[in-house]
Every structure is written in C-alpha cells, then in structure tokens.
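Okay, structure first, notes after.
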Amino acid sequence: MPLPATIFTPSFLRFEGEELKILLNKLRDPLTVHLYFILVSQADFNSGEQITNYKRLIELCTPPPPEKGKRMPPPTIDQVRRAVQWLVDAKLVARNTERNETQGMLRLYVRSRAKTRTEKRRPSALEHRVKPRGVNKKS
C-alpha cells in the first residue's frame, strides 16, 4: 500500500494563525492573499524587507499561460495598489510612503522569518508586526 504524499513546507512559508485569520476571514480577496504569499516568499528573511515596484508585483501575480485557450488577464495596477493598501491597513505589511516616494521604489516590510537561536514561541503575530525603517514612533 503506497504512503500518502507528504509536503514539508519550508519554515519561512509557515504562517501564524493570526495572519491566516486576517487574510482568509477578514480580507477575503484572492489577489491580496496571493500578493501576501509572494511578499513573504520573496522578502529578506532576516529583516522582512522587500524592495520592488508595482510592475514587478503585477508580473509576479500574472497567471502562467495555459497549454490551450486564452491566458487569464493580469491584475491591473489599481488592483495591486488596493491589495497592498489592504495589507497595510490590516498591519500585515508596513511601508514608509514618504521614503518610498523620495527613493522612487516600493519598499515593503513583512514579519521577519528568520529562526531565533532559542526557538521561543512568539506571543502574537500582531504584537511584533513590522515597522518600516525611518518611521518615528508616535509620542
């Protein structure tokens, strides 16, 4: 009798319950979930930083061409911008808008996926949410 297939996901692609609740229960948008998965898999594991632009995000979210038939259309820039804004509003992604505009690039931050030496359980996915560099704390 053959054994069932087992998928061992890399540790950087394991999501916390809070992340999945926000993505799947609150946001409920396929493009937003797809975009978040792309950002997590492409971001720097130690800092959680992703330097990109909207054109590259559209390219990554475009479905591959099928063997037969028409290719599904890629998302528009407005759809991608809206998805990024929803992720920022949900505090899954952070960005510094002023710094992005001055540098002419899109710099996004997700939670760091680097393993710690002590393997302590993090208290909550939302307590250590990302903070972009260069943003002052509110006093």
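The values are calculated or read from the model by the stated rules, or taken from the named source; none is laboratory data. Nothing here was measured: the structure is a model prediction, and the numbers come from that model. All Cβ positions, glycine included, derive from the backbone under ideal geometry; neighbour counts span all protein chains shown.
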- Of the residues that sit in the stretch 107-132 and are touching a strand residue (DSSP E or B) at 6+ places or on another chain (Cβ under 8 Å) and in a loop (DSSP other than H, G, I, E, B), which one is modelled with the lowest pLDDT? Arg129
- Query: Of all the helices (runs of 4 or more DSSP H) wholly in the stretch 8-106, which have at least 3 residues that are at pLDDT below 90?
  - Reply: 97-103
